[in-house]
Amino acid sequence: MTIIKINMKNTRKAAIQDLAQLAQLFDQYRIFYHKESDEKGAERFLKERIENKDAEIFVAIQDDKLVGFVQLYPLFSSTRMSRYWLLNDLYINENYRGKGYSKELIEEAKELCKSSKAAGILLETSKTNDIGNQLYPACGFEIYDEVNFYEWTNSEL
């Protein structure tokens, strides 16, 4: 596989005007994770995140077309008395993978962390996500295996 290096700074913060294209990407992302397609729901969800300012979304662009995104949610650490960012979603359209967009979006996330004076960025990925498990360490993330991660799921949803 040949990796093509793109010119840096093909990313920016998402705006309300991006909703149509962003919703398409978000729908592709959800389908990748075995969810039913729901572009209208994706657009509604993303519009709420942007309007309520309860997430930060950055997009990758090629030739005026959105080709990927990263979405981060704020968290807080009581022991550090500081903000953290949860890198919850990172997706690049399959036709644009291997060109450096993921790394550019992660750099946007790091800049957000620095500019908001946050303690760091947290993320989780499946042990079987070979690409992510190579990408994140290459971008400076370290596996933190000193804790157990638990989940409680609301069966009413």
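The values are calculated or read from the model by the stated rules, or taken from the named source; none is laboratory data. Since the structure is predicted, the reported quantities are computational estimates derived from the model, not experimental observations. When we count neighbours, we look across all protein chains shown, and the Cβ atoms used for this are built from the backbone with ideal geometry, even at glycine. Surface areas here come from the heavy atoms of the whole protein model, side chains and all, with no ligands, DNA or RNA. Shrake-Rupley method; radii C 1.70, N 1.55, O 1.52, S 1.80 Å.
Within the range 99-110, is even one residue farther than 24 Å from Val67 by Cβ, at pLDDT below 95 and not polar (S, T, N, Q)? Taking every residue of the range 99-110 in turn, none turns out to be farther than 24 Å from Val67 by Cβ, at pLDDT below 95 and not polar (S, T, N, Q). Scanning the range 71-85 for residues that are closer than 12 Å to Asp54 by Cα and either aliphatic (A, V, I, L, M) or in contact with a Cys (Cβ under 9 Å, 6 or more places away or on another chain) (or both) turns up Leu72, Leu75, Trp85. Taking every residue in the range 20-37 that is more than 20 Å from Asn129 (Cβ to Cβ) and free of Cβ contacts under 8 Å to residues at least 12 places away in the same chain and pairing it with any residue that is of a type outside the set (Gly, Ala, Ser) and in a helix (DSSP H, G or I), at least 6 positions away or on another chain, the pairs with Cβ-Cβ distances below 7 Å are Ser37/Asp27; Ser37/Ile31. If you filter the range 28-42 down to residues that are closer than 18 Å to Ser102 by Cα and assigned to a helix (DSSP H, G or I), you find that the one that is least open to solvent (accessible area, probe 1.4 Å) is Tyr29. Being assigned to a loop (DSSP other than H, G, I, E, B) and hydrophobic (A, V, I, L, M, F, W, C) is the filter; apply it to the range 121-157 and report the residue that is farthest from Leu87 (Cα to Cα). Filtering first and then ranking leaves Leu157. Based on this model, can you work out whether Lys127 counts as at pLDDT below 95, touching a Lys or Arg at 6+ places or on another chain (Cβ under 8 Å) and not small (Gly, Ala, Ser)? No: the conditions fail for Lys127.
Of all residues in the range 64-79, count the ones that are in contact (Cβ under 8 Å) with a residue 12 or more places away in the chain, within 28 Å of Ala20 (Cα to Cα) and more than 11 Å from the chain's Cα centre (by Cα).
Summing the residues that are in contact (Cβ under 8 Å) with a residue 12 or more places away in the chain, within 28 Å of Ala20 (Cα to Cα) and more than 11 Å from the chain's Cα centre (by Cα) in the range 64-79 gives 5.
Evaluating Ser82 against the criteria (1) touching a Lys or Arg at 6+ places or on another chain (Cβ under 7 Å); (2) more than 26 Å from Gln17 (Cβ to Cβ); (3) surrounded by fewer than 18 Cβ atoms within 10 Å (Cβ to Cβ); (4) in contact (Cβ under 8 Å) with a residue 24 or more places away in the chain leaves one unmet condition, (1).
Each row is one residue, and each column tells you yes or no for (1) farther than 14 Å from Leu90 by Cα; (2) out of contact with any Ser or Thr (no Cβ under 8 Å at 6 or more places or on another chain); (3) open to solvent by less than 20 Å² (accessible area, probe 1.4 Å).
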| position | (1), (2), (3) |
| --- | --- |
| Arg44 | yes, yes, no |
| Lys47 | yes, yes, no |
| Asp54 | yes, yes, no |
| Ala60 | no, no, yes |
| Tyr73 | no, yes, no |
